[in-house]
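The values are calculated or read from the model by the stated rules, or taken from the named source; none is laboratory data. Because the structure is predicted, anything quoted here is derived from the model rather than measured. Backbone-built Cβ (ideal geometry, glycine too); neighbour counts: all protein chains shown.
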C-alpha cells in the first residue's frame, strides 16, 4: 500500500462512525454475549497454528463491535464474533483501531454469532449474503424463542468461499470448537444458554466455573487424604491393641 493511499484511507476512517452508543437490545442477549466471550478468554486455548506451533495463538472474542469490510459501506455489527491470529492494537484509542477494520487486521473473523430477538434483524436473509461476502467462515444463528423457525440453532459454513451451506452438526472444525445448548445458571439466571465445547465435546467453563471445579477437586483430594490418614491411624490402633492381647511366651526351665 502506497503512502498516499494509506493517508487517504486514514482520512476516510477518521470520518467513519465507529460508535453510536446504542444499547444492547435485551438483557438475555447481553448476558449471552458475555458468556460466549468469558468462557473463551478464561479457559480456551486455540489449536496451535502451523506457522508457530510452539506459541500461544492470539484471538479476539467480542460483542457489538463494528466489522468494517469496505470503505464506503456501513459496518456489520454482530452480537458476537471470534477472530484468530489477531490482537487488539496497543494504541486502541486511535480511530483506526477502535473497531474491527478488516483491512487493518488483514482478515475477516472466523465466527460470527447472531442472537435473534425479533423478526427485524434479517439473520436468515441479507446477513447470510453479507457475512459470506466478508468471508466469515462460520455464521451462527441462535434463535432461543423460535422467532424465525423451529430450528433454535443454525450453523452455516462458507462453501467454496462464496456462500453458506447449513451444517448438519454443531461443529466448527476449522477453529477446533463446537457449540451446544446448555441448561443452567449464568450470572444468577437460569436459562438455555449457547455454550462452547472443545473439539472433543467437553464444555469450556467460565473462570468462575473452573475455579469452582478446582475447589471441588481440591476438597475431594483433601477428603480422600483425611480418610486415608484416619484409616491408617485406625489400623495402627488395631495393631497395637492386638499386640497387647497376645500373651508373652514363658522361658524354659533350666
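Results, tabulated for the structure shown:
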read-out	value
Residues (more than 22 Å from residue 84 (Cα to Cα), part of a helix (DSSP H, G or I) and either out of contact with any helix residue (DSSP H, G or I) (no Cβ under 8 Å at 6 or more places or on another chain) or modelled with pLDDT of 95 or more (or both)) located in segment 4-45	4, 5, 6, 7, 8, 11, 12, 27, 28, 29, 30, 31
Residues within segment 48-81 that are touching a strand residue (DSSP E or B) at 6+ places or on another chain (Cβ under 6 Å), over 22 Å from residue 196 (Cα atoms) and outside any strand (DSSP E or B), tallied	1
Matching entry among 161, 184, 201 (being out of contact with any strand residue (DSSP E or B) (no Cβ under 8 Å at 6 or more places or on another chain) and either loosely packed, with under 12 Cβ neighbours inside 10 Å or in a strand (DSSP E or B) (or both))	161
Breaking point among (1) at pLDDT 80 or above; (2) in a helix (DSSP H, G or I), for residue 217	(1)
Yes/no for residue 86 being within 19 Å of the chain's Cα centre (by Cα), surrounded by fewer than 18 Cβ atoms within 10 Å (Cβ to Cβ) and closer than 24 Å to residue 28 by Cα	no
